[in-house]
Amino acid sequence: MLTKKGGYVVQQSNFYVIRFTIILTIVLGLLLSGANQFLKEAQDKSIDLDTKKKILSAVMDISGFTEDQQILDLYAQRVESIVVDINGNKLDKDSKGTQLVAEKVNIQKQYRFKPEERHYPVFMFKGEGSGKVEAYIFPMWGAGLWDWISGFIAVKEDLVTVAGVAFDHKTETPGLGARITDDQVKDRYKGKKIYDGTGNLKPVIMLKGESNQGLSDHQVDGMSGATMTGKGVNTMIENYLKCYEPFIEKVKSGQKVALK
Amino acid sequence: MSTEVLEKPIVKEPAEPFLSKRRKKIVSDPLNEDNPITVQVLGICSALAVTVKLQPTLVMAIAVVFVIVFSNLIISAIRNYIPNSVRIIVQLAVIATLVTLVSEVLKAYVYDMYKILGAFVGLIITNCIVMGRLEAFAMANKAYDSVLDGLGSGFGYAWVILAVAFVRELFGSGTFFDLRILPESFPTNGLMVDSIGAFMVLGIIIWIQRSKTGYVEH
């Protein structure tokens, strides 16, 4: 059954091959599942921290915080979160009865469902000490030129003025579309308005080309060479603002919907 | 595929020194004269894809060195038990396991890097350098020699992609490990952040190297 060939032993019986592959599969499988179990906690922490960093970066500059714990503390103090449905009503549990946690809602997965079926997390950024909501932060998901783009748009307590945005992307072109993550581009959204004077929703649109003059309250300067990414960002913002509109309307009309 | 049999016939000889001339050659050959990227032209895909900035490139280099060394070690250690008919699958299974481990560790401890490198770390599985070394060396050589071979090929890959990334980051973003080197006013070269820039830098490295070693493709 065992033959010497080419300097090393060659096993040829079918039974040996099957036994070998089964043992190999079991050993490697155990190794991987063990590693997964062992690293799960650290991975969840990293993802949690990353989400919180992105949420905070939509409303404030967090580059001054070097310690991860500072971010987590700040988040715990200042941010309150809920999950709402397409009609702006608070959701406590999903269809299976599991408790919903806004930070754990996977926007990418939700994006695949019909808008009416999605869960919409809302993050409320509260003033220091006062506890009054200073900004509402809405997550978004969409398609860029090459792959997904995502982001958060923060709207001030008047629910009209943009407090800031944060974008992320998978593989937009470096130096062109990837600039959506640059402060220089993100800052263009600050102070813009998502409602027009008559109270109708009017999302902020990124224009084509750079150095556009005479921008209105609903326009931001574009990124030269990245028109398609800009279009993706516009569609994403518009889609998600529409989905969050019922919630915004409810808060505006003074219904203390979901605020504890 | 041919296998290089460096093992000598079984003749009792005095133990080979820990770093004999032959073993030094196993490590040093892939660094220059038999470099996996510039001479064997393997692993080009990742050399183009991850080299926009030095930091992710360094992480990628460490990941590849880790995977080559340990897959070489494991395959060499069990080489006498691997059935010849399924050896490629066994090699792939070992590589894939190691790559998944690297990817999981990155996700747990350096999440920012995981986001940038995500797909490319997974693609180490298909990096021809890794499988090439298993098939050509580890299947026929002792474990210690295989580890040396892995180190040589790994670092041979690492220095080339780091060199490419250095040039690309310097001229593409004006920085070195994200520290600003060139003044803001110095225009950055958009070509360098594109894959085309990587091709050009890689081509120039190959040119310089071959004019020195006198290597000619037959």
Checklist entry - How would you classify the stretch A:20-133 from its alpha-carbon gyration tensor, with a ≥ b ≥ c the square roots of the eigenvalues: rounded for a/c under 1.5, else prolate if a/b is greater than b/c, otherwise oblate? => result oblate
Checklist outcome for this item: Measuring from the longest principal axis of the C-alpha atoms of chain B, the long axis of helix B:87-109 (C-alpha) lies at a number of degrees, nearest 10, equal to 40
Checklist entry - If R0 is 35 Å, what FRET efficiency do you get for A:ALA35 and A:SER211 from their C-beta distance, rounded to 0.05? => result 0.10
Checklist outcome for this item: The relative contact order of chain A, taking Cα pairs under 8 Å that sit 6 or more residues apart, comes to a percentage of 14
Item to check | Within the stretch A:144-260: Cβ-based charge dipole about Cα centre, in debye rounded to nearest 20 (Lys, Arg +1; Asp, Glu -1) | outcome: 340
Checklist outcome for this item: Measuring from the longest principal axis of the C-alpha atoms of chain B, the long axis of helix B:54-77 (C-alpha) lies at a number of degrees, nearest 10, equal to 10
Checklist outcome for this item: Applying the gyration tensor rule to the Cα atoms of the stretch A:99-220 (axes a ≥ b ≥ c; rounded if a/c under 1.5, else prolate if a/b exceeds b/c, else oblate), the class is oblate
Item to check | Sorted by Cβ density within 10 Å, fewest first, the residues A:ARG78, A:ARG19, B:ARG87 | outcome: A:ARG19, B:ARG87, A:ARG78
Next on the checklist: Please compute the contact order of chain B in relative form: average sequence separation of alpha-carbon pairs under 8 Å and at least six residues apart, divided by the residue count, as a percent.
Outcome noted: 34
Item to check | Around B:GLY156: net Lys/Arg minus Asp/Glu count, Cβ-Cβ under 11 Å | outcome: -3
Checklist entry - Can you give me the Cα centroid spacing of the stretch B:181-218 and the stretch B:75-132 in angstrom? => result 29
Checklist entry - Which value results for Rg/Rh of the protein assembly as shown when Rg is the Cα radius of gyration and Rh the Kirkwood radius based on the inverse mean 1/r? => result 1.07
Checklist outcome for this item: Assertion target for A:ASP48, A:ASP187, ordered by fewest C-beta neighbours within 10 angstrom first, is A:ASP187, A:ASP48
Checklist entry - Given +1 on the Cβ of Lys and Arg, -1 on the Cβ of Asp and Glu, and no further charges, what dipole in debye does the stretch A:182-232 carry about its Cα centre, rounded to the nearest 20? => result 180
Item to check | Check: the protein assembly as shown dipole with +1 on Lys, Arg Cβ and -1 on Asp, Glu Cβ, in debye | outcome: 1020
Checklist entry - How many nm is it between the label spots at A:THR21 and B:ALA136, if each spot is 7 Å from the Cα in line with the beta carbon? => result 2.8
Checklist entry - Taking the Cα atoms only, what angle lies between the long axis of helix B:111-122 and the longest principal axis of chain B, rounded to 10 degrees? => result 50
Item to check | B:ILE196-A:GLN12 pseudo-label distance in nm [points 7 Å out on the Cα-to-Cβ vector] | outcome: 5.6
Checklist entry - For A:SER81, B:SER76, A:SER211, what's the fewest-to-most ordering of other Cβ within 10 Å of each Cβ? => result A:SER211, A:SER81, B:SER76
Checklist entry - So, counting K/R as plus one and D/E as minus one, what does the shell of residues with Cβ under 14 Å around B:ILE95 add up to? => result +1
Checklist entry - What number comes out for the charge environment of B:LYS115, summing +1 per Lys or Arg and -1 per Asp or Glu over other residues with Cβ under 12 Å away? => result +1
Checklist outcome for this item: Scan of chain B for GluC sites (Glu not before Pro) in DSSP loops with at most 16 other beta-carbon atoms within 10 Å gives a longest site-free stretch of B:34-183
Next on the checklist: How would the stretch A:42-252 be classified by its alpha-carbon gyration tensor: rounded, prolate or oblate, with rounded meaning a/c under 1.5 and the a/b versus b/c comparison settling the rest?
Outcome noted: rounded
Item to check | Greater than 27 Å apart at Cα, pairs in A:LYS170/A:LYS242; B:LYS25/B:LYS115; A:LYS52/A:LYS90; A:LYS53/A:LYS190 | outcome: B:LYS25/B:LYS115
Checklist entry - So if R0 is 25 Å, what FRET efficiency would A:ASP85 and A:LEU201 give, r being the distance between their Cβ atoms, rounded to the nearest 0.05? => result 0.85
Checklist outcome for this item: per DSSP, antiparallel bridges as share of beta bridges in the stretch A:42-252, % nearest 5, sits at 95
Item to check | For a label point 7 Å along the Cα-to-beta-carbon line of A:GLN184, residues of the stretch B:170-186 with backbone N under 16 Å | outcome: B:171-175, B:180-186
Item to check | Spatially proximal aspartates and glutamates relative to B:LYS107 (Cα-Cα < 19 Å; intrachain offsets below 8 disregarded) | outcome: A:GLU41, A:ASP44, A:ASP48, A:ASP50, A:GLU67, A:ASP68, A:GLU103, A:ASP168
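Taken together, the values in this text are just the output of simple stated rules run on the coordinates, not laboratory data. Small disclaimer: the values here were computed from a predicted structure and weren't measured. Using ideal geometry, Cβ is built from the backbone for each residue, glycine included, and neighbour counts are taken over all protein chains shown.
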